[in-house]
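Read through the structure below, which is laid out as C-alpha coordinates, and then see the notes.
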Amino acid sequence: MKIYKKIIAVVMSAIMLMSLVACGKDDNKIADGELTKITFVLDWTPNTNHTGLYVALEKGYFEEAGLDVEIVQPPEDGAEVLVASGEAQFGVSFQDTMAAAISGDNPLPITAVAALIQHNTSGIISRKGEGMDTPKGMEGKSYATWNGPIELAMMEQVVTADGGDFSKVELIPSTVTDEVTALKTNSVDSIWIFYAWAGVKTELEGLETDYFAFKNIDPVFDYYTPVVISNNSFLEDDPETAKAFLEALGKGYEDAIADPEGAADILCKHVPELDHDLVLASQKYLANEYKAEVSQWGYIDPARWNGFYNWLNQEEILESSIPDNIGFSNEYLPK
(Lines give C-alpha, C1' and ligand atoms only; values in the text may rest on other atoms or scores of the structure.)
Protein backbone atom coordinates (compact mmCIF):
# COMPACT_ATOMS: atom_id res chain seq x y z
CA MET A 1 0.00 0.00 0.00
CA LYS A 2 2.89 2.38 0.67
CA ILE A 3 3.98 1.92 -2.93
CA TYR A 4 0.48 2.72 -4.16
CA LYS A 5 0.38 5.85 -2.00
CA LYS A 6 3.69 7.05 -3.42
CA ILE A 7 2.52 6.54 -7.00
CA ILE A 8 -0.74 8.36 -6.33
CA ALA A 9 1.01 11.28 -4.67
CA VAL A 10 3.38 11.69 -7.61
CA VAL A 11 0.60 11.51 -10.14
CA MET A 12 -1.64 13.96 -8.30
CA SER A 13 1.01 16.63 -8.65
CA ALA A 14 1.32 15.84 -12.35
CA ILE A 15 -2.43 16.07 -12.83
CA MET A 16 -2.37 19.69 -11.64
CA LEU A 17 -0.43 20.41 -14.81
CA MET A 18 -2.74 18.57 -17.17
CA SER A 19 -3.97 21.74 -18.75
CA LEU A 20 -0.49 22.08 -20.22
CA VAL A 21 -0.41 18.53 -21.55
CA ALA A 22 -1.78 17.37 -24.88
CA CYS A 23 -4.85 15.48 -23.74
CA GLY A 24 -7.60 17.53 -25.33
CA LYS A 25 -9.03 17.51 -28.82
CA ASP A 26 -7.34 20.62 -30.14
CA ASP A 27 -3.95 19.92 -28.57
CA ASN A 28 -3.74 16.50 -30.19
CA LYS A 29 -4.22 17.86 -33.70
CA ILE A 30 -1.00 17.94 -35.71
CA ALA A 31 -2.64 20.50 -38.00
CA ASP A 32 -6.05 21.18 -39.46
CA GLY A 33 -7.03 18.42 -41.84
CA GLU A 34 -4.18 16.16 -40.74
CA LEU A 35 -4.02 13.18 -38.42
CA THR A 36 -4.78 13.36 -34.72
CA LYS A 37 -1.81 12.27 -32.62
CA ILE A 38 -2.50 9.45 -30.14
CA THR A 39 0.08 8.04 -27.74
CA PHE A 40 -0.48 4.47 -26.54
CA VAL A 41 1.70 3.20 -23.69
CA LEU A 42 2.22 -0.53 -23.18
CA ASP A 43 2.33 -2.26 -19.82
CA TRP A 44 5.46 -4.24 -20.61
CA THR A 45 7.53 -5.23 -23.61
CA PRO A 46 5.45 -6.04 -26.70
CA ASN A 47 3.79 -9.46 -26.67
CA THR A 48 0.69 -11.21 -27.97
CA ASN A 49 -1.61 -9.33 -25.59
CA HIS A 50 -0.83 -6.35 -27.84
CA THR A 51 -1.03 -7.99 -31.26
CA GLY A 52 -4.24 -6.29 -32.37
CA LEU A 53 -2.60 -2.92 -31.79
CA TYR A 54 0.22 -3.76 -34.18
CA VAL A 55 -2.16 -5.30 -36.71
CA ALA A 56 -4.26 -2.12 -36.73
CA LEU A 57 -1.08 -0.07 -37.17
CA GLU A 58 0.27 -2.30 -39.95
CA LYS A 59 -2.99 -2.42 -41.90
CA GLY A 60 -3.59 1.31 -41.71
CA TYR A 61 -6.76 1.14 -39.63
CA PHE A 62 -5.65 4.00 -37.39
CA GLU A 63 -4.71 6.18 -40.33
CA GLU A 64 -8.07 5.45 -41.97
CA ALA A 65 -9.67 6.71 -38.74
CA GLY A 66 -7.66 9.93 -38.94
CA LEU A 67 -5.20 8.93 -36.23
CA ASP A 68 -1.42 8.94 -35.94
CA VAL A 69 -0.72 6.36 -33.22
CA GLU A 70 2.62 6.14 -31.45
CA ILE A 71 3.31 3.06 -29.31
CA VAL A 72 5.66 3.69 -26.37
CA GLN A 73 7.18 1.64 -23.57
CA PRO A 74 5.93 2.27 -20.02
CA PRO A 75 7.86 4.25 -17.40
CA GLU A 76 8.99 2.48 -14.24
CA ASP A 77 5.75 3.38 -12.46
CA GLY A 78 3.64 1.82 -15.21
CA ALA A 79 1.19 2.93 -17.86
CA GLU A 80 -1.29 4.26 -15.31
CA VAL A 81 0.98 7.19 -14.41
CA LEU A 82 1.51 8.26 -18.02
CA VAL A 83 -2.17 8.01 -18.90
CA ALA A 84 -3.32 9.75 -15.71
CA SER A 85 -0.97 12.66 -16.36
CA GLY A 86 -2.35 13.06 -19.88
CA GLU A 87 0.98 12.37 -21.57
CA ALA A 88 -0.63 9.30 -23.18
CA GLN A 89 -4.25 9.05 -24.21
CA PHE A 90 -4.40 5.25 -23.95
CA GLY A 91 -2.44 2.48 -22.27
CA VAL A 92 -2.55 -1.07 -20.96
CA SER A 93 -3.38 -1.87 -17.35
CA PHE A 94 -5.07 -4.63 -15.34
CA GLN A 95 -8.15 -4.56 -13.15
CA ASP A 96 -6.23 -5.71 -10.09
CA THR A 97 -3.49 -3.12 -10.68
CA MET A 98 -6.09 -0.41 -11.18
CA ALA A 99 -7.75 -1.10 -7.83
CA ALA A 100 -5.42 1.02 -5.70
CA ALA A 101 -5.24 3.71 -8.37
CA ILE A 102 -8.98 4.34 -8.59
CA SER A 103 -9.82 4.03 -4.88
CA GLY A 104 -9.43 6.53 -2.06
CA ASP A 105 -9.95 10.27 -1.83
CA ASN A 106 -7.68 11.11 -4.77
CA PRO A 107 -8.28 8.47 -7.46
CA LEU A 108 -6.30 8.62 -10.66
CA PRO A 109 -8.31 9.98 -13.60
CA ILE A 110 -8.23 6.77 -15.65
CA THR A 111 -10.96 4.52 -17.00
CA ALA A 112 -10.82 1.03 -18.51
CA VAL A 113 -12.49 1.34 -21.92
CA ALA A 114 -11.90 -2.12 -23.41
CA ALA A 115 -10.93 -5.63 -22.37
CA LEU A 116 -7.99 -6.89 -24.40
CA ILE A 117 -8.76 -10.45 -23.30
CA GLN A 118 -12.20 -11.50 -22.17
CA HIS A 119 -11.21 -13.77 -19.26
CA ASN A 120 -8.40 -14.05 -16.74
CA THR A 121 -5.89 -16.46 -18.29
CA SER A 122 -3.54 -16.47 -15.30
CA GLY A 123 -2.92 -19.21 -12.76
CA ILE A 124 -0.29 -21.25 -10.95
CA ILE A 125 2.13 -23.49 -12.82
CA SER A 126 4.40 -26.16 -11.35
CA ARG A 127 6.38 -29.22 -12.37
CA LYS A 128 4.10 -32.11 -13.29
CA GLY A 129 3.42 -34.79 -10.70
CA GLU A 130 4.55 -32.88 -7.61
CA GLY A 131 1.04 -32.45 -6.25
CA MET A 132 0.47 -28.78 -7.06
CA ASP A 133 -2.30 -29.35 -9.57
CA THR A 134 -4.64 -27.96 -6.90
CA PRO A 135 -4.06 -25.06 -4.46
CA LYS A 136 -3.88 -27.30 -1.37
CA GLY A 137 -0.94 -29.07 -2.95
CA MET A 138 1.15 -25.91 -2.53
CA GLU A 139 1.54 -26.66 1.18
CA GLY A 140 5.19 -27.30 1.97
CA LYS A 141 6.24 -26.07 -1.47
CA SER A 142 7.81 -22.80 -2.56
CA TYR A 143 5.95 -20.05 -4.38
CA ALA A 144 7.63 -17.07 -6.06
CA THR A 145 5.76 -14.01 -4.79
CA TRP A 146 5.75 -10.31 -5.66
CA ASN A 147 4.42 -9.67 -2.13
CA GLY A 148 1.50 -7.66 -3.47
CA PRO A 149 -1.47 -7.36 -1.10
CA ILE A 150 -4.04 -8.43 -3.71
CA GLU A 151 -1.82 -11.25 -4.96
CA LEU A 152 -1.29 -12.69 -1.49
CA ALA A 153 -4.96 -12.33 -0.55
CA MET A 154 -5.96 -14.25 -3.69
CA MET A 155 -3.41 -16.96 -2.99
CA GLU A 156 -4.61 -17.34 0.60
CA GLN A 157 -8.23 -17.48 -0.57
CA VAL A 158 -7.72 -20.26 -3.12
CA VAL A 159 -5.46 -22.36 -0.86
CA THR A 160 -7.80 -22.04 2.12
CA ALA A 161 -10.91 -22.76 0.04
CA ASP A 162 -9.23 -25.96 -1.17
CA GLY A 163 -8.71 -27.10 2.42
CA GLY A 164 -5.08 -26.06 2.65
CA ASP A 165 -3.09 -23.98 5.12
CA PHE A 166 -1.60 -20.96 3.36
CA SER A 167 0.90 -20.40 6.19
CA LYS A 168 2.55 -23.65 5.13
CA VAL A 169 3.31 -22.33 1.65
CA GLU A 170 6.92 -21.16 1.46
CA LEU A 171 6.91 -17.64 0.05
CA ILE A 172 10.14 -16.61 -1.68
CA PRO A 173 10.72 -13.24 -3.36
CA SER A 174 10.27 -13.63 -7.09
CA THR A 175 13.34 -13.21 -9.25
CA VAL A 176 11.86 -15.24 -12.09
CA THR A 177 12.68 -13.94 -15.56
CA ASP A 178 12.19 -17.26 -17.36
CA GLU A 179 9.57 -19.63 -15.98
CA VAL A 180 10.89 -22.68 -17.81
CA THR A 181 14.40 -22.25 -16.43
CA ALA A 182 13.11 -21.54 -12.93
CA LEU A 183 11.07 -24.72 -12.85
CA LYS A 184 13.70 -26.90 -14.54
CA THR A 185 16.42 -25.82 -12.10
CA ASN A 186 14.15 -26.29 -9.06
CA SER A 187 14.80 -22.71 -7.97
CA VAL A 188 11.07 -22.47 -7.23
CA ASP A 189 8.20 -24.95 -7.12
CA SER A 190 5.31 -22.80 -8.31
CA ILE A 191 4.87 -19.56 -10.24
CA TRP A 192 1.96 -17.26 -11.10
CA ILE A 193 1.88 -17.04 -14.90
CA PHE A 194 -0.26 -15.87 -17.79
CA TYR A 195 -0.72 -19.10 -19.68
CA ALA A 196 -0.91 -17.52 -23.13
CA TRP A 197 2.81 -16.74 -22.92
CA ALA A 198 4.65 -18.60 -20.17
CA GLY A 199 2.39 -21.64 -20.24
CA VAL A 200 2.62 -21.97 -23.99
CA LYS A 201 6.38 -21.59 -23.70
CA THR A 202 6.62 -24.60 -21.35
CA GLU A 203 4.73 -26.66 -23.94
CA LEU A 204 7.07 -25.60 -26.73
CA GLU A 205 10.12 -26.47 -24.65
CA GLY A 206 8.77 -29.88 -23.65
CA LEU A 207 8.45 -29.19 -19.93
CA GLU A 208 5.57 -31.17 -18.44
CA THR A 209 3.63 -29.10 -15.95
CA ASP A 210 0.59 -28.96 -13.72
CA TYR A 211 -1.53 -25.83 -13.79
CA PHE A 212 -4.68 -24.40 -12.26
CA ALA A 213 -6.41 -21.24 -13.44
CA PHE A 214 -7.75 -18.75 -10.91
CA LYS A 215 -11.03 -18.32 -12.78
CA ASN A 216 -11.67 -22.06 -12.51
CA ILE A 217 -11.00 -22.08 -8.77
CA ASP A 218 -13.25 -19.13 -7.92
CA PRO A 219 -15.36 -17.16 -10.45
CA VAL A 220 -14.74 -13.93 -8.53
CA PHE A 221 -11.16 -14.11 -9.79
CA ASP A 222 -12.25 -14.04 -13.43
CA TYR A 223 -11.46 -10.34 -13.51
CA TYR A 224 -10.25 -8.33 -16.49
CA THR A 225 -6.57 -8.59 -17.23
CA PRO A 226 -5.34 -6.81 -19.32
CA VAL A 227 -7.49 -3.81 -20.25
CA VAL A 228 -7.10 -0.65 -22.31
CA ILE A 229 -7.23 2.45 -20.11
CA SER A 230 -7.73 6.05 -21.11
CA ASN A 231 -7.40 9.50 -19.59
CA ASN A 232 -10.70 10.80 -18.19
CA SER A 233 -10.22 14.37 -19.42
CA PHE A 234 -9.43 13.11 -22.90
CA LEU A 235 -12.57 10.94 -22.89
CA GLU A 236 -14.71 13.86 -21.81
CA ASP A 237 -13.15 16.39 -24.17
CA ASP A 238 -12.85 14.22 -27.27
CA PRO A 239 -15.15 11.18 -27.12
CA GLU A 240 -15.34 10.85 -30.90
CA THR A 241 -11.58 10.42 -31.19
CA ALA A 242 -11.68 7.84 -28.40
CA LYS A 243 -14.40 5.92 -30.23
CA ALA A 244 -12.51 6.13 -33.53
CA PHE A 245 -9.39 4.75 -31.87
CA LEU A 246 -11.20 1.83 -30.25
CA GLU A 247 -13.05 0.98 -33.46
CA ALA A 248 -9.74 0.78 -35.34
CA LEU A 249 -8.13 -1.17 -32.51
CA GLY A 250 -11.04 -3.59 -32.46
CA LYS A 251 -10.54 -4.25 -36.18
CA GLY A 252 -6.95 -5.20 -35.42
CA TYR A 253 -8.03 -7.72 -32.80
CA GLU A 254 -10.78 -9.13 -35.03
CA ASP A 255 -8.11 -9.76 -37.67
CA ALA A 256 -5.87 -11.43 -35.08
CA ILE A 257 -8.77 -13.72 -34.17
CA ALA A 258 -9.50 -14.59 -37.80
CA ASP A 259 -5.87 -15.02 -38.88
CA PRO A 260 -3.53 -15.80 -35.96
CA GLU A 261 -0.69 -16.81 -38.27
CA GLY A 262 -0.80 -13.55 -40.18
CA ALA A 263 -1.13 -11.59 -36.94
CA ALA A 264 1.92 -13.37 -35.52
CA ASP A 265 3.91 -12.40 -38.60
CA ILE A 266 2.89 -8.75 -38.19
CA LEU A 267 3.86 -8.67 -34.51
CA CYS A 268 7.25 -10.21 -35.28
CA LYS A 269 7.76 -7.75 -38.12
CA HIS A 270 7.34 -4.85 -35.71
CA VAL A 271 9.20 -6.57 -32.85
CA PRO A 272 11.77 -8.80 -34.58
CA GLU A 273 13.52 -9.79 -31.36
CA LEU A 274 10.53 -11.95 -30.39
CA ASP A 275 10.68 -15.73 -30.87
CA HIS A 276 8.42 -16.41 -33.86
CA ASP A 277 7.51 -19.95 -32.76
CA LEU A 278 6.43 -18.71 -29.34
CA VAL A 279 4.51 -15.80 -30.82
CA LEU A 280 2.69 -18.07 -33.26
CA ALA A 281 1.75 -20.64 -30.59
CA SER A 282 0.64 -17.89 -28.22
CA GLN A 283 -1.35 -16.21 -30.99
CA LYS A 284 -3.23 -19.40 -31.73
CA TYR A 285 -4.05 -19.75 -28.03
CA LEU A 286 -5.29 -16.17 -27.70
CA ALA A 287 -7.37 -16.27 -30.88
CA ASN A 288 -10.04 -17.98 -28.77
CA GLU A 289 -9.52 -15.70 -25.78
CA TYR A 290 -9.65 -12.14 -27.13
CA LYS A 291 -13.46 -12.27 -27.40
CA ALA A 292 -14.29 -15.75 -26.08
CA GLU A 293 -18.09 -16.01 -25.92
CA VAL A 294 -19.01 -12.33 -26.30
CA SER A 295 -20.03 -10.77 -29.61
CA GLN A 296 -18.37 -7.40 -29.00
CA TRP A 297 -14.58 -7.24 -28.73
CA GLY A 298 -13.56 -5.21 -25.71
CA TYR A 299 -16.82 -5.58 -23.78
CA ILE A 300 -16.52 -5.42 -19.99
CA ASP A 301 -19.23 -7.26 -18.03
CA PRO A 302 -20.30 -5.02 -15.12
CA ALA A 303 -21.17 -8.02 -12.93
CA ARG A 304 -17.70 -9.52 -13.26
CA TRP A 305 -15.96 -6.15 -12.87
CA ASN A 306 -17.97 -5.30 -9.77
CA GLY A 307 -17.68 -8.82 -8.39
CA PHE A 308 -13.90 -8.65 -8.12
CA TYR A 309 -13.91 -5.22 -6.50
CA ASN A 310 -16.69 -6.30 -4.12
CA TRP A 311 -14.41 -9.11 -3.01
CA LEU A 312 -11.58 -6.63 -2.41
CA ASN A 313 -14.00 -4.49 -0.38
CA GLN A 314 -15.18 -7.48 1.64
CA GLU A 315 -11.64 -8.55 2.44
CA GLU A 316 -10.69 -4.92 3.28
CA ILE A 317 -7.55 -5.20 1.18
CA LEU A 318 -7.62 -1.55 0.15
CA GLU A 319 -7.81 1.43 2.47
CA SER A 320 -11.18 2.42 1.02
CA SER A 321 -13.91 0.59 -0.85
CA ILE A 322 -14.53 0.80 -4.58
CA PRO A 323 -18.22 1.43 -5.40
CA ASP A 324 -19.97 -0.53 -8.14
CA ASN A 325 -19.49 0.52 -11.75
CA ILE A 326 -16.39 2.60 -11.03
CA GLY A 327 -13.30 2.52 -13.25
CA PHE A 328 -14.71 1.13 -16.49
CA SER A 329 -16.96 2.09 -19.39
CA ASN A 330 -18.31 0.36 -22.50
CA GLU A 331 -19.49 3.71 -23.87
CA TYR A 332 -16.57 4.17 -26.27
CA LEU A 333 -16.68 0.77 -27.94
CA PRO A 334 -18.08 0.63 -31.47
CA LYS A 335 -21.79 -0.18 -31.50
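The values are calculated or read from the model by the stated rules, or taken from the named source; none is laboratory data. Everything numeric here is computed off the predicted structure, so don't read it as measured data. Using ideal geometry, Cβ is built from the backbone for each residue, glycine included, and neighbour counts are taken over all protein chains shown. All accessible areas refer to the heavy atoms of the entire protein, side chains included, with ligands and DNA or RNA removed. Shrake-Rupley method; radii C 1.70, N 1.55, O 1.52, S 1.80 Å.
How many of the residues making up segment 75-100 are open to solvent by 10 Å² or more (accessible area, probe 1.4 Å) and either within 21 Å of GLU331 (Cα to Cα) or more than 14 Å from the chain's Cα centre (by Cα) (or both)?
Total satisfying the criteria: 8.
Checking VAL55 against (1) open to solvent by less than 50 Å² (accessible area, probe 1.4 Å); (2) touching a strand residue (DSSP E or B) at 6+ places or on another chain (Cβ under 7 Å); (3) modelled with pLDDT of 50 or more, only one condition comes out false. Which one?
(2)
Among the residues that make up segment 49-56, is at least one of them over 30 Å from MET154 (Cβ atoms) and hydrophobic (A, V, I, L, M, F, W, C)?
Going through segment 49-56, the residues over 30 Å from MET154 (Cβ atoms) turn out to be 54-56.
Now drop any that are not hydrophobic (A, V, I, L, M, F, W, C), which leaves 55-56.
Within segment 49-56 (the criterion being over 30 Å from MET154 (Cβ atoms) and hydrophobic (A, V, I, L, M, F, W, C)), the answer is yes, since at least one residue qualifies.
Within segment 115-140, which residues are under 16 Å from VAL188 (Cβ atoms), open to solvent by 10 Å² or more (accessible area, probe 1.4 Å) and in contact with a Lys or Arg (Cβ under 9 Å, 6 or more places away or on another chain)?
Passing the criteria: ARG127, GLU130, GLY131, GLU139, GLY140.
Does ILE117 satisfy being touching a residue at least 40 places away in the same chain (Cβ under 8 Å), touching an Asp or Glu at 6+ places or on another chain (Cβ under 6 Å) and part of a helix (DSSP H, G or I)?
On the way: touching a residue at least 40 places away in the same chain (Cβ under 8 Å): yes; touching an Asp or Glu at 6+ places or on another chain (Cβ under 6 Å): yes; part of a helix (DSSP H, G or I): no.
No: the conditions fail for ILE117.
Considering only segment 292-317, how many residues are open to solvent by 20 Å² or more (accessible area, probe 1.4 Å), touching a Phe, Trp or Tyr at 6+ places or on another chain (Cβ under 9 Å) and within 22 Å of LYS243 (Cα to Cα)?
Result for segment 292-317: 2.
Mind telling me which of the residues ASP238, ASP255 ends up being in contact with a Cys (Cβ under 9 Å, 6 or more places away or on another chain) and open to solvent by less than 70 Å² (accessible area, probe 1.4 Å)?
After applying the criteria, what remains is ASP238.
I'd like the full set of residues that are closer than 21 Å to VAL158 by Cβ and either modelled with pLDDT under 95 or assigned to a helix (DSSP H, G or I) (or both), limited to segment 203-224. Step through it out loud before you land on a result.
Looking only at segment 203-224, we keep the residues that are closer than 21 Å to VAL158 by Cβ, and these are 209-224.
Answer for segment 203-224, where residues must be closer than 21 Å to VAL158 by Cβ and either modelled with pLDDT under 95 or assigned to a helix (DSSP H, G or I) (or both): PHE214, LYS215, ASN216, ILE217, PRO219, VAL220, PHE221.
Residue pairs, Cβ under 9 Å, 6 or more apart or interchain, first in segment 64-77 and over 19 Å from LYS251 (Cβ atoms), second open to solvent by 40 Å² or more (accessible area, probe 1.4 Å) and basic (Lys, Arg). List them.
Final answer for the pair search is ASP77/LYS6.
Counting only residues that are closer than 29 Å to ALA153 by Cα and either crowded, with 20+ Cβ neighbours inside 10 Å or acidic (Asp, Glu) (or both), how many does segment 318-335 have?
The number of residues fulfilling the criteria is 5.
Just to check your reading of the model, which residue among THR181, THR175, THR160 is free of Cβ contacts under 8 Å to residues at least 40 places away in the same chain and in a loop (DSSP other than H, G, I, E, B)?
Criteria check complete, one pass: THR175.
Of the conditions (1) surrounded by 24 or more Cβ atoms within 10 Å (Cβ to Cβ); (2) closer than 30 Å to LEU280 by Cα, PRO219 satisfies every one except a single condition; which number is it?
Only one criterion in (1) surrounded by 24 or more Cβ atoms within 10 Å (Cβ to Cβ); (2) closer than 30 Å to LEU280 by Cα is unmet by PRO219, namely (1).
Just checking, how many residues over segment 227-259 are basic (Lys, Arg) and either in contact with a His (Cβ under 6 Å, 6 or more places away or on another chain) or closer than 11 Å to LEU53 by Cα (or both)?
Residues that pass the stated criteria total 1.
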